[in-house]
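Asker: Got a structure for you, questions after.
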Amino acid sequence: MFILLCLDTKNQVIRQETISIGSLNSNVVHPREVFKTAVLNSAAHVIISHNHPSGDPIPSREDIDLTKKLVESGNIMGITLLDHVIIGDFRHFSLKEAGNI
């Protein structure tokens with residue numbers, strides 16, 4: 001599952017939405033789906049999250065590329081991507097903490 005949290009200027013959650021549900025090993029996400037919800041809810045910031053069914057939260061090359069694309073898209077629109085958190089079995093990986101944002 002790929003989840004979006006929309007936040008206001010005080011980083012309070014104003015909307016949570018499931019953007020997509022993938023298959024066993026892939027999930028297609030496009031910036032327009034992410035930022036459509038953010039714009040419609042007047043979000044100042046967003047946090048995205050998805051799970052890895054394998055249980056290993058280490059990001060794939062596609063995860064990192066998508067994050068960079070979403071950061072760039074958000075910058076153009078004035079909506080900050082604060083973090084991309086990948087959930088695994090009893091662990092998580094923050095792309096912000098790892099320096100990818």
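The values are calculated or read from the model by the stated rules, or taken from the named source; none is laboratory data. None of these values were measured; they are calculated from a predicted model. Accessible surface areas use protein heavy atoms only, side chains included; no ligands, DNA or RNA. Shrake-Rupley method; radii C 1.70, N 1.55, O 1.52, S 1.80 Å.
Asker: Give me the Kirkwood hydrodynamic radius of the chain in Å, from all C-alpha pairs, to one decimal place?
Answerer: Hydrodynamic radius (Kirkwood, Cα only) of the chain equals 13.5 Å.
Asker: Please give the calculated 222 nm ellipticity per residue for the chain, where each DSSP H segment of at least 4 residues contributes -39500 (n - 2.57) and the sum is spread over every residue; nearest 500 deg cm²/dmol?
Answerer: On the way: 2 runs with 27 residues, N = 101.
Result for the chain, helices only: -8500 deg cm²/dmol.
Asker: Let me ask something else about it. If amide H atoms are built 1.01 Å from N in the plane of the peptide, which residues on other chains or at least 5 residues away come under 5 Å of the amide H of Gly22?
Answerer: Hits under the 5 Å cutoff: Phe2.
Asker: Additional query: Pull up all non-local amide H partners of Leu81: gap of 5 or more, or a different chain, and H-to-H distance under 5 Å with H placed in the peptide plane.
Answerer: Counting only residues 5 or more places away or on other chains, the set is Val46.
Asker: May I pose another question? Using the heavy atoms of the protein chains alone and a 1.4 angstrom probe, what is the accessible area of the chain per residue in square angstrom? List each step's numbers first, then the result.
Answerer: Values: 6130 Å² over 101 residues.
Accessible area per residue, the chain: 61 Å².
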